[in-house]
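Structure first, then comments.
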Amino acid sequence: MVAYIAAGLAALLFSGAALAQEKTENFESWRLHTPTFGSTGGNGVVIGEYRPVISGDKCSTDFTATLADGKVYYNTVEFDAMPAQGGILCTNGRWRARDGSSSGTTPYRVFFKDGVVRGAP
């Protein structure tokens with residue numbers, strides 16, 4: 001029972017923090033999203049073919065991750081899509097390798113408004 005209460009409290013705190021962040025950030029000030037950019041993980045990894053689309057309450061895209069040595073990995077990412085500041089914010093990204101070999105989360109977020117797509121960080 002205590003675990004359920006703790007989980008519920010954590011979810012409430014997380015959604016409250018997300019709402020507070022939304023109120024303090026100006027998503028329209030983010031850089032224009034491009035399909036190719038440096039990975040948020042660094043190490044010279046280049047993300048390519050990153051073209052997210054919104055479908056219902058999700059936002060997703062297939063993409064590549066190219067290492068500095070030229071090796072290319074093929075992945076998919078899915079975000080939660082939620083209304084924010086007159087547009088749609090794609091947040092809480094979860095990626096996975098298409099071959100099932102690895103998965104993780106990403107701090108990268110995407111904001112859609114009036115046909116313009118922006119990304120951060």
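Placing a pseudo-label 7 Å from each Cα along the Cα-to-Cβ vector at R98 and E28 gives an inter-label distance of 3.7 nm. With all protein chains in place and ligands, DNA and RNA left out, the 1.4 Å accessible area ranks E49, E78 as E49, E78, largest first.
Of the solvent-accessible surface of segment 17-101, computed with a 1.4 Å probe and all protein chains present, 54% belongs to carbon and sulfur. Using a probe of 1.4 Å, the accessible surface attributed to D62 totals some 80 Å² when neighbouring protein chains are kept in position. Of L67, L32, the order by accessible heavy-atom surface (1.4 Å probe, DNA, RNA and ligands excluded), from most exposed downward, is L32, L67.
The values are calculated or read from the model by the stated rules, or taken from the named source; none is laboratory data. Remember, it's a predicted structure, so these values are computed and weren't measured experimentally. Neighbour counts are summed over all protein chains in view; Cβ atoms, including those assigned to glycine, are modelled from backbone coordinates with ideal geometry. Heads up: the accessible areas ignore ligands, DNA and RNA and are worked out on the full protein's heavy atoms, side chains in. Shrake-Rupley method; radii C 1.70, N 1.55, O 1.52, S 1.80 Å.
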